[in-house]
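Reviewing the structure listed below.
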Amino acid sequence: MTKKDFIPKPYKSSLQQGEVTWESPSNIALVKYWGKLENQIPANPSISFTLDHCRTTTTLKFQKKQRTASNFDFELVFEGEKKESFRPKIQKFLERVEPYLPFLKDYSFTIETSNSFPHSSGIASSASGMSALALCFMSLEKQLDPEMDEEYFTRKSSFLARLGSGSACRSIEGELVVWGMHNSIYQSSDLYGVPFRDEVHENFKNYRDTILLVDKGEKQVSSTVGHDLMNDHPYAETRFRQAHDNLDKLKKIFRSGDLEEFIKVVESEALTLHAMMMTSQPYFLLMKPNTLAIINKIFRFREETGLHACFTLDAGANVHLLYPDNEAEQTLEFIENELKQYCQNSQYINDKVGSGAKKMA
Ligand code: DP6
């Protein structure tokens, strides 16, 4: 599909008012999206596990009004309170998606959101938040165009979510989602995420992710600044090529179930992401002493037990510990006994791979 396919024909139905609620998860990238071109086009393809427990719930209330040429009419409520600080981000999102949702200026909206994870946990909520909002708008559009099919609904939701935040386009479906054109991934696109449809070995079913909250409060590098670092970065082209290669490797690994090889790709991706930040101008160092302490403990744990827990990182100090379901008992014990002490207020979140966003009754 091209972006023209997402511009709707005149709607057949009309709608005065209503509300809709979606719950959408966060996701954790295995091959990282870092660097983008204009219009939220990724510089390289990425793949992520969709998560299960870390979710945003968004209710969109809408009321038809006199169409005005001026601005969008919306109110934001976050966990029960008005939230003006989100306004610029939502305003920008609405501007970007308006060509694809031409009804936006015909309604007054109230957008109510809440997260399942603690506020200021340092977990990026833009993926779950933007995907939930995109889905709400799509549910409204579906009422204006009742014949819309499911495939179009899902693709366009991901397409719109991408315009809010790149990684958000990987949160609509489960369990593994690819975003960005890749030669050997069927139907992959720069415009939206698609489920990874190749064979996936039993070893990767119900994969676990424990998020170790090393540094909850502090602001990560904003994504705008972060992605910009890849413009004129001395290693950019090599990095983008490496992402393609790593996706090829993961494709084979998902088929074979080779956990040792999985670890090599995933940990290298995480360290490369941080290496890109450390070698850009300006440079950023986002790992904290406790991030490194945890990583070293993970290396030791693997050596001593032969188990397969590995780490990945976002653009921040928190560590995502990924491990197979059948090693959960020993790994959870390891977290309690040896990793918890490095987390702020001993906090961590146990999550696992999930199946994507859900519409609430
Ligand atoms: C490090 O999706 O937050 O988490 O498109 O500017 O909103 P924007 O960026 P964003 O970047 C996520 C970067 C990452 C890696 C990843 O999730 O692939």
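The values are calculated or read from the model by the stated rules, or taken from the named source; none is laboratory data. Fair warning: this is a prediction, and the values are worked out from it, not measured in the lab. Virtual Cβ from ideal backbone geometry, glycine too; neighbours counted across all protein chains shown. Surface accessibility is based on the protein's heavy atoms, side chains included, excluding ligands, DNA and RNA. Shrake-Rupley method; radii C 1.70, N 1.55, O 1.52, S 1.80 Å.
You can think of it this way: the chain between Lys340 and Tyr11 has 113.1 nm of extra reach, that is 0.36 nm per residue less the Cα-Cα gap. Axis of helix 259-278 versus longest Cα principal axis of the chain: the two differ by about 70°, to the nearest ten degrees.
At 1.4 Å probe size, with every protein chain present, just tell me what the per residue accessible area of the chain comes to in Å².
Accessible area per residue, the chain: 45 Å².
Note on the stretch 90-156: with neighbouring protein chains present and a 1.4 Å probe, carbon and sulfur make up 48 percent of its accessible heavy-atom surface. A crude spin-label estimate for the pair Asn71 and Lys92, with each label 7 Å from Cα along the Cβ direction, gives 1.6 nm. Thinking of the stretch 104-245 as a set of Cα atoms, what percent of all their pairs are more than 21 Å apart? Result: 58 percent of Cα pairs exceed 21 Å. Taking the C-alpha atoms only, the angle from helix 150-164 to the longest principal axis of the chain is near 80 degrees.
Surface composition of the stretch 228-274: carbon plus sulfur atoms contribute 47% of the solvent-accessible area (1.4 Å probe, protein chains only, all chains present). Computed from the Kirkwood radius of its Cα pairs, the Stokes-Einstein diffusion coefficient for the stretch 297-361 at 20 °C and 1.002 mPa s stands at 160 µm²/s.
Each of the peptides 267-280, 248-261, 126-139 was scored by the mean count of other Cβ atoms within 10 Å over its residues; in descending order, highest first, they stand as 126-139, 267-280, 248-261. Here is how the number arises for the chain: DSSP H runs of 4 or more residues each give -39500 (n - 2.57), the sum is divided by the residue count, and the result at 222 nm is -10500 deg cm²/dmol. Given R0 = 25 Å, the distance between the Cβ atoms of Ser184 and Asn326 translates into a calculated FRET efficiency of 0.30. Binning all Cα-Cα separations of the stretch 277-316 at 5 Å, short to long from zero, yields these whole-percent fractions: 6, 20, 23, 19, 15, 10, 5, 3, 0.
The mean sequence separation of alpha-carbon pairs under 8 Å and at least six residues apart, normalised by the residue count of the stretch 31-85, gives a relative contact order of 18 percent. Of the three principal axes defined by the Cα atoms of the stretch 1-75, the extents in descending order read 46, 32, 25 Å. Here the spin labels are modelled as points 7 Å beyond Cα on the Cα-Cβ line, and at Glu79 and Gln281 they lie 4.1 nm apart.
Relative contact order of the stretch 270-350: 27 percent, from C-alpha pairs under 8 Å at least 6 residues apart in sequence. With the simple spin-label model, which puts each label point 7 Å out from Cα in the Cβ direction, the Leu292 to Lys205 separation comes to 4.1 nm.
With +1 on each Lys and Arg Cβ and -1 on each Asp and Glu Cβ, and nothing else charged, work out how big the dipole of the stretch 1-141 is about its Cα centre, in Debye to the nearest 20.
The calculated dipole for the stretch 1-141 is roughly 440 debye.
Taking every Cα-Cα distance in the chain and sorting them into 10 Å bins starting at zero, the pair-distance distribution P(r) comes out as 5, 25, 33, 24, 10, 2, 0 percent. Of all lysines in the structure, those lying under 20 Å Cα to Cα from Lys65, and not within fewer than 8 positions of it along the same chain, are Lys12, Lys105, Lys142. Would you mind classifying the stretch 205-340 by shape? Square roots of the alpha carbon gyration tensor eigenvalues, ordered a ≥ b ≥ c; an a/c under 1.5 is rounded, otherwise it is prolate if a/b is larger than b/c and oblate if not. Judged from the Cα gyration tensor, the stretch 205-340 comes out oblate (a/c at least 1.5, b/c at or above a/b).
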